[in-house]
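Student: First, the structure itself, so that you have it in front of you.
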Amino acid sequence: MIRRVISAFIKRWGTPGAKQRIWDSEYKTGKWTYDRNGQHNEAGEPVYKLLKKYGTHGTILDLGCGSGMTALEMDNSFQSYVGVDVSDVAIEKARIALSTESGRASKVQFCVSDISTFVPDREFSVILFRESIYYVPQPRLKGMLDTYCSNLTPGGVFIIRLCDRNKYRQIINLLEKTFQVVERYNPDDSPMTILVCSPNKAG
């Protein structure tokens, strides 16, 4: 229990090096192993429909990409994709998995970096936080999002997936206050939510 608390604290508040050590350890032990062909594959994951809707023929930045599941499973209609994760073990797994995907390998790039300090070199149609935004300490969240706004193309959006809309109500409140929520997915059978947010706040 104490170990889990310390781990959770480091994932949010630790230095990039400390975060990397925690995540690397978890990926090495197989905690986040995902079998695309297994019983619990995520072919029906609703975030993929939103990525297709807002990212077709566009550019996608995936912050907290883990071992590359989104890049491998989403519709192959995007122009380019950059996945970022603090764990070099996860990124190596992503690159190995990508090497078997000849139809998309040439337009996918993976980078090792802390998502709160990553500096993109281009603009994106979609910036995705798939179960990763809550690893950024809340006092730093708005500043980070404001910075990433400058990396959205005109008409570009953030897509934020949260596993529990009740647990992360404060994050949702911040997003609603800061941005225009142009689309929301709230399934009846799950506490999960997905918000599509535009930096152009409605007047």
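Student: Running Debye on the stretch 95-203 with equal point scatterers at the Cα sites and no solvent, what base-10 log of I(q)/I(0) appears at q = 0.12, 0.19, 0.23 Å⁻¹?
Tutor: Calculated log10 I(q)/I(0) at the listed q: -0.47, -1.06, -1.33.
Student: Summing Lys, Arg as +1 and Asp, Glu as -1, what charge do residues with Cβ under 13 Å from the Cβ of PHE129 carry, PHE129 excluded?
Tutor: On the way: positive: ARG130, ARG161; negative: ASP62, ASP85, GLU131.
Net charge in that neighbourhood comes out at -1.
Student: Additional query: For the stretch 103-200, which GluC sites (Glu not before Pro) are both in a DSSP coil and crowded by at most 16 other Cβ atoms within 10 Å?
Tutor: Values: sites: GLU123, GLU131, GLU176, GLU183; in loops: GLU123, GLU131.
In loop regions of the stretch 103-200 (DSSP not H, G, I, E or B), the sparsely surrounded GluC sites (Glu not before Pro) are GLU123, GLU131.
Student: What size of dipole, in debye to the nearest 20, comes out for the chain about its Cα centre when the only charges are +1 on Lys and Arg C-beta atoms and -1 on Asp and Glu C-beta atoms?
Tutor: Computed charge dipole of the chain: roughly 520 debye.
Student: Modelling each spin label as a point 7 Å along the Cα-to-Cβ direction, I'd like the TYR48/ASN200 distance in nm, to one decimal.
Tutor: 3.0
Student: Excluding SER116 itself, what net charge comes from residues whose Cβ is under 13 Å from its Cβ, given Lys and Arg +1 and Asp and Glu -1?
Tutor: Residues near SER116 contribute +2 overall.
Student: Let me ask you something else. Could you give the length gained by full extension between SER106 and ASP188, i.e. 0.36 nm per residue of separation minus their alpha carbon distance, to one decimal place? Write out the running numbers ahead of the final one.
Tutor: On the way: separation 82, 0.36 × 82 = 29.52 nm, distance 3.84 nm.
Stretched out fully, the SER106 to ASP188 stretch lengthens by 25.7 nm.
Student: Taking the Cα centre of the stretch 40-198 as the origin and placing charges on Cβ (Lys, Arg +1; Asp, Glu -1), which of LEU152, TYR134, PHE78 is farthest toward the positive end of the dipole?
Tutor: LEU152
Student: For LYS28, give me every one of the aspartates and glutamates with a C-alpha distance below 14 angstrom, ignoring sequence neighbours fewer than eight places off in its own chain.
Tutor: Of all the aspartates and glutamates, those that pass the test against LYS28 - Cα under 14 Å, at least 8 places apart if same chain - are ASP88, GLU92.
Student: Okay, next question. What dipole magnitude, in Debye to the nearest 20, does the stretch 83-203 give about its Cα centre under +1 on Lys/Arg Cβ and -1 on Asp/Glu Cβ? Don't skip to the answer; put the middle values down first.
Tutor: Numbers: 15 positive and 14 negative charges, 47 e Å.
With only Lys, Arg, Asp and Glu charged at Cβ, the dipole is about 220 debye.
Student: For the chain, what does -39500 (n - 2.57) per DSSP helix run (n ≥ 4), summed and divided by total residues, give at 222 nm, in deg cm²/dmol to the nearest 500?
Tutor: Rounded to the nearest 500, it is -10500 deg cm²/dmol.
Student: Compute the projected area of the convex hull of the Cα atoms of the stretch 124-184, averaged over all viewing directions, and report it in nm² to one decimal place.
Tutor: Averaging across all directions leaves 4.0 nm² for the Cα convex hull.
Student: For the chain, what is the relative contact order in percent, using Cα pairs closer than 8 Å and at least 6 residues apart in sequence?
Tutor: Working: 324 pairs, mean separation 34.7, N = 203.
Taking the mean separation of contacting Cα pairs over the length of the chain, I get 17 percent.
Student: Which residue, THR56, CYS163, VAL181, has the largest displacement toward the positive end of the dipole of the stretch 40-198 when charges sit on each Cβ (Lys, Arg +1; Asp, Glu -1)?
Tutor: VAL181
None of the figures in this text is laboratory data; all of them are computed from the coordinates on show. Because the structure is predicted, anything quoted here is derived from the model rather than measured. Cβ coordinates were reconstructed from backbone atoms using ideal geometry, including for glycine residues, and neighbour counts include every protein chain displayed.
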